[in-house]
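The block underneath contains the structure these notes are about, expressed in structure tokens.
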Amino acid sequence: MVVDVPNEGSPDDGYVLVSPYDKEGRYHSLILFRLASTPELVACLQENHAQPLRSYHQLYAMESACPHLGADMSDAEIEECDNSIVAVCPWHRYDFDLRTGESETGLRACTYNVKVVTDRSDGEEKVWVEGPDDGTQWRLVELRPVSEDFADPPPVSTPPTLPNTATTAVQDEPLVPTGRTPSTLMEWAVVILNTANPTLKVERTKHAVQLFRTGRLTSTGHKSKRVPLPPAVPPRDDNYTQNIVDPRKLGKRKNAAVMLHALANIEQWAIDLAWDIMVRFGSSHPNIPQAFFSDFTRMALDESKHFSLLVSRLAAISPSTPYGSLPVHAGLWESATVTSHSLRARLAIIHLVHEARGLDVNPGTIERFRRAGDTETVKVLEIIHADEVTHVTSGHRWFTWVCEQQGVNPVSTFREEVRRGWRGNIKGPFNVEARETAGLSRAFYEDLKGELDFITENTENGRQGSSSSSSPSLQVNYEKD
Ligand code: FES
């Protein structure tokens, strides 16, 4: 399998997350470690190589889930010892030889041969990862750098000052709630879902994900007998829902400001959705692999990044309409409520319908900003689009996992879920290429119509929120699209 990452370039270390699926349709998550060739490292490794080392980076590939308890090895530290180089798991500090996968503990991580090959078509050097069956049966679906920093502009740290409105100060809540400090991922999920202020929600997401990745939480907590309940509808800070600016009076800025505001609102709900799926369905699926939590914490972090970037762009292009000053809606959470009974339904409707629709419309939105000459916003939207492809990939990965557990066909089951949990046609035009990259073939979504109005309640395996009713109607008074 050729992985299109440059072998030359920055001398810094950099890890790349590589997700292929095999001919049986199973997903794999690999970390490609690209390590700078320091003189010490070269000297250390040279001892085991007959040929002089020529490539700029040392390349190694390993399954991303630690063989001990499944920690995400993309946060592993790399250490040199004796004649080997090891990845140290962030959770319990077991170390695994990057070439053999062996550990002194007796456990063995799955590693893959990596080599640099010259592509005959263009003469370029490409990285080749050799999986089972020589890797020829693997199909690459996702490739993304593992970012160690949240290197984005911070979100607005104070609530918007809205004209002609008496605003109240944001409560000065600490990052870590006082009283009972959350100790598991599930406890953090509920704290974040109940955090009304969007800035604090972003900061808590960053904090909790970092604690989780570096093994500073006692556990995910999803197998506990006392997993806390998520709220039926995450609360919103009044300062961000006053909607006092009439979009009709925005003049020329209308389209761009309204669009960025609407996208930021969707991202705020998307942060909640990533936490909600973990805490709502984790306890009803105790055998779910650790990679589920790795994927959705990564998604929560991505959505936080998107929210921050969009709010910053909104502030830059339209200072008089900060986030919270325009009408917003809660359409995404309506679908979350409709699917609160079933992980399978949630993955189908939120990740393979709503998020996949994003893949269809993103290129058009990017083009509008490009035509307007707003290159900064174009950059932001391109980052978001690339991330969203990986979110649909994760949705597809876990949807097919649930289907496999239940012994049902993913395509026909998806179509059944959409008929039950969606209202109206699945609309095109479709971004077939991006959908295909994420695992969604045309058979999933073409000629498909939801019949939500005619369906009676289904209760598979979800948990109602702490203040929920079974009605899909929401308790927030947002303007609908
Ligand atoms: S050493 Fe990796 S999860 Fe324990």
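The values are calculated or read from the model by the stated rules, or taken from the named source; none is laboratory data. Since the structure is predicted, the reported quantities are computational estimates derived from the model, not experimental observations. When we count neighbours, we look across all protein chains shown, and the Cβ atoms used for this are built from the backbone with ideal geometry, even at glycine. The accessibility values were calculated without ligands, DNA or RNA, using every heavy atom of the protein model including side chains. Shrake-Rupley method; radii C 1.70, N 1.55, O 1.52, S 1.80 Å.
Among the residues of the stretch 79-98, those that are surrounded by fewer than 18 Cβ atoms within 10 Å (Cβ to Cβ) and more than 11 Å from C66 (Cβ to Cβ) comprise E79, E80, C81, D82, N83, S84. Filtering the stretch 387-411 to residues that are among the polar types (S, T, N, Q), open to solvent by 60 Å² or more (accessible area, probe 1.4 Å) and in a helix (DSSP H, G or I) leaves Q405, Q406. Pairs linking a residue in the stretch 69-86 that is closer than 19 Å to P289 by Cα to a residue that is open to solvent by 50 Å² or more (accessible area, probe 1.4 Å) and more than 10 Å from the ligand (Cβ to nearest atom), with Cβ atoms under 6 Å and 6 or more positions apart or on different chains, do not occur. With a requirement of 1 or more residues that are at pLDDT below 85, the strands (runs of 3 or more DSSP E) lying completely within the stretch 41-136 that satisfy it span 57-63, 77-81, 84-88, 111-118, 125-130. Annotation note: of E367, E416, the sole residue that is without any contact (Cβ under 8 Å) to a residue 40 or more places away in the chain, out of contact with any Gly (no Cβ under 7 Å at 6 or more places or on another chain) and more than 26 Å from D447 (Cα to Cα) is E367.
Let's see how each residue does on (1) out of contact with any Pro (no Cβ under 8 Å at 6 or more places or on another chain); (2) modelled with pLDDT of 95 or more:
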| position | (1), (2) |
| --- | --- |
| V191 | no, yes |
| N194 | no, yes |
| K201 | yes, yes |
| F212 | yes, no |
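Check the stretch 233-240 and report whether any residue there is open to solvent by less than 10 Å² (accessible area, probe 1.4 Å), modelled with pLDDT of 95 or more and either in contact with a Cys (Cβ under 9 Å, 6 or more places away or on another chain) or assigned to a loop (DSSP other than H, G, I, E, B) (or both). Yes, that holds for at least one residue.
Quick check: is even one residue across the stretch 309-325 of a type in the set (A, V, I, L, M, F, W, C), within 21 Å of the chain's Cα centre (by Cα), part of a loop (DSSP other than H, G, I, E, B) and not assigned by the TED database to the domain that holds R26? Before you say what the answer is, go through the steps one by one.
Here is the first cut: in the stretch 309-325, the residues of a type in the set (A, V, I, L, M, F, W, C) are 309-311, 314-317.
Subsequent filtering for residues that are within 21 Å of the chain's Cα centre (by Cα) retains 309-311.
Cutting the leftovers down to part of a loop (DSSP other than H, G, I, E, B) gives us none.
Within the stretch 309-325 (the criterion being of a type in the set (A, V, I, L, M, F, W, C), within 21 Å of the chain's Cα centre (by Cα), part of a loop (DSSP other than H, G, I, E, B) and not assigned by the TED database to the domain that holds R26), the answer is no, since none of the residues qualifies.
Looking at P327, P319, P286, which is the one that is without any contact (Cβ under 8 Å) to a residue 24 or more places away in the chain and of a type outside the set (D, E)? Criteria check complete, one pass: P319. In this structure, does I384 turn out to be in contact (Cβ under 8 Å) with a residue 40 or more places away in the chain and either on the phi < 0 side of the Ramachandran plot or buried (at least 20 other Cβ atoms within 10 Å of the Cβ) (or both)? Spelling it out, I384 is indeed in contact (Cβ under 8 Å) with a residue 40 or more places away in the chain and either on the phi < 0 side of the Ramachandran plot or buried (at least 20 other Cβ atoms within 10 Å of the Cβ) (or both).
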